[in-house]
Structures are given as structure tokens and as C-alpha cells.
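The values are calculated or read from the model by the stated rules, or taken from the named source; none is laboratory data. These numbers come from a predicted model, not from an experiment. Here the Cβ positions follow ideal geometry from the backbone for every residue, glycine too, while neighbour counts run over all protein chains shown. Keep in mind that these areas ignore ligands, DNA and RNA; they rest on the heavy atoms of the full protein, side chains included. Shrake-Rupley method; radii C 1.70, N 1.55, O 1.52, S 1.80 Å.
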Amino acid sequence: MNGTQVRPSRSPAARLASVAASGAVRVLLVLAGLFWLTPTVGLLLSSLRPPSDIAASGWWEVFTAPARLTTENYAHLLANDTITGSLLNTVLITVPATLLVLVIGSLAGYAFAWLEFPGRDWWFLGVVALLVVPVQVALVPVAKLFGVVGLFETTAGVVLFHTAFGLPFAIFLLRNFFAEIPRELLEAARLDGAGEIRLFTRVVLPLGGPAIASLGIFQFLWVWNDMLIALVFADSQSPPITVALQQQVRQFGNNVDVLAPGAFLSMVVPLVVFFAFQRQFASGVMAGAVK
């Protein structure tokens, strides 16, 4: 040897991370983020403009006459029972559909990753196969089934449909994440007397927190922004916000003083959820990418 040290080669993920940390890339990411938020800002400004101004010019004209901004549109929105009730209905659909997917998906993912039972691999292949089934294929048969059992046009029916179609991806994602947990850690917990339930709640769930949080964000956004399933299965008298806004457009085409603030509230809730859990989301997405 000539005394020189050979520097270990970095993994592609490490090199990509170092490039992403550069100042130029950060500026580009900030600009991309601002560009992505432009529609939200425009919708917010539109919701604060009088209906006559919305019909006459674009939202960017607000900077020439900021004194014309008003909160009257939100007063009209709060006075609209259809919109306010639809926001509550959306929460009653989204929260249970998200929690059910997280709970059932976590339990099933742990079972497929660490429990031995007959046909485990074949059952998991069946779950993976369900990922390719489009939602549209199931609309008619599930609607007939819900009509027979009395779940058609009910909140419970919408929740069950979202849960059923969210579970295959949830089980697939969490099973692969849980399978990366070191076996020695689980065996050490078993030697200490931990049963499967305690092992799942005290060891697996804390380690799988980032993946579960990422899954929760995806499921929440999917259910909150859904319109197709809500149009088919939700009660037409108490629809979620997406269907309620569509009905407002159909019934009152020029009702912009309600549509603009309603659309903004529909958009801002998922944004708040995403930014509130962005750390967990980033950890879950990058888990295992950098060794």
C-alpha cells in the first residue's frame, strides 16, 4: 500500500441526498412549492372578493384594489345549511374510513409479516392482486349488495366502500415495512414474556409510526377529495362537500359567493392535515432509502 486511504463509495441514495441539500436545489424546490400553492392562494383571494369582481376579472386583480376584500362570502357560506352540513358529513366519512384502514391494515400487515398460518403467502398474493382492481368495476355490484343489506345511500356504506378499497394498499405497504424490523428485536421481546398483542402495540407500532402516518395522509386525502364514490353511495340529502359543491354549480351556476369559500375550505383542510404530519410523511416515504 502507498499509504493513501481509499474512500468508501457512497450509495446512490446518499449522493442524491447530498445533491438535494445544495442551495440551488433548495431554491428550485421553494419555487416549485410556491407554484404548487398558487391555485390555493388564488382560490383564497377569490373567496374574499365580491361576486361582481369575481365575474369581471381574475383573482390577481385584487392587488390593485385590496380594499375591496370582504368576508361576506364566508357569512353567506355559514348561512348555507347544505354546505355546512356537507362539511360535517365529509368528516363523518373521512375520519372513520381512515382510522379503519389504519387499524385493520396494521393488524393484517403484522400478521402477514411475522405470524405463521396456513396459506399466508397465497393470501398475501390475493391482497396484492386486489390492488389492480379498479373502483369503477365494483360500483354496480357493490351498489346492488348495499341495496339488499340496507347500506345504499348511507354514510356507513360510503365508509365501508372506502375502507374495502383502501385496505389492499394499506396491507401491502405496512406488511413490507413491518418485515424490515429486525427479527432479533422481536425475539428479544418474546423472551421477555411479551405476547403478540403487547409485541404489536409496544414494539411494532412505534417503529412503524412513520409508515402508518404516511398511509393515513394518503387515505385521508383520497377519501376527503373523492367524488365518484360519494355520488353513487352517499345520501343525496346529506352529501359530502365535493358532491354539495357540484350540486351548487348545477342548481345555482352564478352562486360564486358560496362556491368560492366552500371550495377553499374543501381544499385547505387536506393541506392542513398534510403540513401537520409532513415530518412523519417524509420519514415514512424515505424509510429504508438511506442505509
**OP:** All but one of (1) surrounded by fewer than 22 Cβ atoms within 10 Å (Cβ to Cβ); (2) in contact (Cβ under 8 Å) with a residue 12 or more places away in the chain; (3) part of a helix (DSSP H, G or I) hold for GLY262, so report the exception by its number.
**Re:** (1)
**OP:** Filter the range 45-93 for residues that are of a type in the set (D, E, K, R), touching a Leu at 6+ places or on another chain (Cβ under 7 Å) and in a helix (DSSP H, G or I) and give the result.
**Re:** none
Original post:
For PHE124, are the conditions met, namely being among the aromatic types (Phe, Trp, Tyr) and loosely packed, with under 11 Cβ neighbours inside 10 Å?
Top reply: no
Subject >> Close pairs (6 angstrom Cβ cut-off, 6 or more residues apart or separate chains): at pLDDT below 85 in the range 58-83, surrounded by fewer than 17 Cβ atoms within 10 Å (Cβ to Cβ) and in a helix (DSSP H, G or I) anywhere >> reply: TRP59/GLY42
Subject >> When residues of the range 156-168 are limited to those that are of a type in the set (Gly, Ala, Ser) and open to solvent by less than 40 Å² (accessible area, probe 1.4 Å), the one farthest from GLU116 (Cα to Cα) >> reply: GLY157
Subject >> Criterion (touching a residue at least 60 places away in the same chain (Cβ under 8 Å), open to solvent by 30 Å² or more (accessible area, probe 1.4 Å) and touching an Asp or Glu at 6+ places or on another chain (Cβ under 7 Å)) met by exactly one of GLU153, GLU180 >> reply: GLU153
Subject >> Residue check, ILE171 assigned to a helix (DSSP H, G or I), open to solvent by less than 60 Å² (accessible area, probe 1.4 Å) and touching a residue at least 12 places away in the same chain (Cβ under 8 Å) >> reply: yes
Original post:
Going by the conditions given, is VAL137 in a helix (DSSP H, G or I) and either open to solvent by less than 70 Å² (accessible area, probe 1.4 Å) or closer than 21 Å to GLU196 by Cβ (or both)?
Top reply: no
Original post:
For the range 48-81, which residues satisfy the criterion of being open to solvent by less than 60 Å² (accessible area, probe 1.4 Å) and of a type in the set (S, T, N, Q)?
Top reply: SER57, THR70, ASN73, ASN80
**OP:** Any residue in the range 88-110 that's at pLDDT below 95: show its pairings with residues that are charged (D, E, K, R) at Cβ separation under 6 Å, as long as the two are six or more apart or on different chains.
**Re:** GLY109/ARG175
